[in-house]
Amino acid sequence: MKHVLVLGCTGSIGTSTLDILRNMPGDFKAVGLTAHSSKDKLAALAAEFACPGVLTSETGMNGLTQLIEQTRPDIVVNGIAGAAGLEPSRIVLSHGIDLALANKETIVMAASLIQSLAKENNCRILPVDSEHSAIFNLIERCGKDTVESIIITASGGPFRNLPKEKLAAVTVQDALKHPTWNMGKKITIDSATLANKGLEVIEACRLFHVPTNRIQVVVHPQSLIHSLVRTKDGVMYAQISEPDMKHPIVAALSWPAVLQTYMKPFDLFDHDMTFYKPRTDDFPLLQYAFDAAASGGAYTIAYNAADEIAAWAFLSGKIGFTDIASVVRSVLEKDWTAEPASFEEVFAYDERARNLAKEYV
């Protein structure tokens, strides 16, 4: 029985995690829940799960530290969206607790610092993004030394087939109609621009210590293959399941065990699988991410911060869809070569990039 603390319990990752806990009570127990501001939902969930510890983000990081010390979880699921998820990840790992990480910004912004913290405190970072969960498990099974390259799949978003000349005119409502996944607004916009895939490329580079020239992105609209690895003999191995975030969450919660779950097993019949090259000229944010990852320094911090500002500016009607990439490019044109040596420096670079993006908007 693993005791689980869920950060961001009312979001999409948190909701899926609680569904697992609800259906697998013999394997997992919720001991703590947090939400950004949904006090009524939080209270209802705390009552349902007889959860001893709850808090909202109003209590700050001191409140989270107290909650961790009060509930003593075996593993923490970080389902907080955006850069706001970095500090909670740091706190969890500083307590020597395994981190089931859905917050990709933690790695994009502070990979070396966060990985050093996990090593110092003898705990693990277990990826929850479906792509990185797939890569993690494939590498575990194939052996790190046998893996030559990583292939990350992308749905292509709602505009995969839209001609370039029409992209500038797409609306927020159009961009929020993701063909495969039901996610929060910001990550859905990122999927439409391919910025989310860019963040996943950066995360894969840092999590698995692989250079950008050993990572490839392939558009796979059905989202059934969640990623692949190619071994040194040229053979490819894939992780295949329905596009349901409960699969990678269970994998992280149960690792290193593989548990029987309540979810329907994947059936190969009546499924088509197609693959295409990404349109990086029309969706340049993917290439910008490759460039930022290869450049090192604080470029990945700048990429993430500028994209957050730009995506929300688009959602609020301040800029057009294709302007999102222009905002990010303008910020990346600055000098970000210095490597942050502390979490304080990470946040300082993040703030600088956000301010530059706001000025451009």
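Things worth noting here:
- VAL258 paired with LYS41, simple spin-label distance in nm, labels 7 Å along Cα-to-beta-carbon: 3.4 nm
- For segment 107-167, the solvent-accessible area of protein heavy atoms averages 43 Å² per residue (probe radius 1.4 Å; ligands and nucleic acids excluded).
- Segment 1-106: proportion of alpha-carbon pairs further apart than 19 angstrom, %: 33 percent
- Accessible surface ranking that places the most exposed of ASP270, ASP335, ASP291, ASP98 first, with a 1.4 angstrom probe: ASP270, ASP335, ASP291, ASP98
- The residues packed around ASP350, meaning those with a beta-carbon under 13 Å from its beta-carbon, carry a net charge of -4 if Lys and Arg are +1 and Asp and Glu are -1.
- The chain has equivalent-ellipsoid semi-axes of 29, 25, 21 Å, by the square roots of 5 times the alpha carbon gyration tensor eigenvalues, sorted largest first.
- Estimated from helical segments only, the mean residue ellipticity of the chain at 222 nm is -14000 deg cm²/dmol, where each DSSP H run of four or more residues counts as -39500 (n - 2.57).
- Summed residue charge, Cβ within 13 Å of GLY143's Cβ, Lys/Arg positive, Asp/Glu negative: -1
- Accessible surface ranking for TRP312, TRP336, 1.4 angstrom probe, highest first: TRP312, TRP336.
- Of SER38, SER130, the order by accessible heavy-atom surface (1.4 Å probe, DNA, RNA and ligands excluded), from most exposed downward, is SER38, SER130.
- Taking a point 7 Å out from the Cα of ASP291 in the direction of its Cβ, the residues of segment 330-361 whose backbone N falls within less than 13 Å of it are 330-336.
- Ordered from longest to shortest, the equivalent ellipsoid semi-axes for segment 253-343 are 34, 22, 15 Å, each the square root of 5 times a Cα gyration tensor eigenvalue.
- Segment 296-361: C-alpha gyration tensor shape, a/c 1.5 cut-off, then a/b vs b/c: prolate
- Sorting the segments 65-71, 104-110 by their mean number of nearby beta carbons within 10 angstrom, highest to lowest, gives 104-110, 65-71.
- Accessible surface of ASP74 - all protein chains present, 1.4 Å probe, nearest 10 Å²: 70 Å²
- Using a cutoff of 8 angstrom between alpha carbon atoms and counting only pairs six or more residues apart, the relative contact order for the chain works out to 16 percent.
- A 1.4 Å probe run over the protein chains yields, for segment 258-361, 54 Å² of accessible area per residue, whole-number rounding.
- The reciprocal of the average 1/r between distinct C-alpha atoms defines the Kirkwood hydrodynamic radius, which for segment 120-234 equals 15.4 Å.
- Taking the protein heavy atoms of the chain in the context of the full set of protein chains, the accessible area attributed to carbon and sulfur is 50 percent at 1.4 Å.
- Distance between segment 306-361 and segment 32-67 - C-alpha centres, whole angstrom: 31 Å
The values are calculated or read from the model by the stated rules, or taken from the named source; none is laboratory data. Note that the structure is a prediction, hence the values are computed from the model and not measured. No Cβ is skipped: glycine too gets one built from the backbone with ideal geometry, and neighbour counts run over all protein chains shown. Note: areas computed on protein heavy atoms with side chains; ligands, DNA, RNA excluded. Shrake-Rupley method; radii C 1.70, N 1.55, O 1.52, S 1.80 Å.
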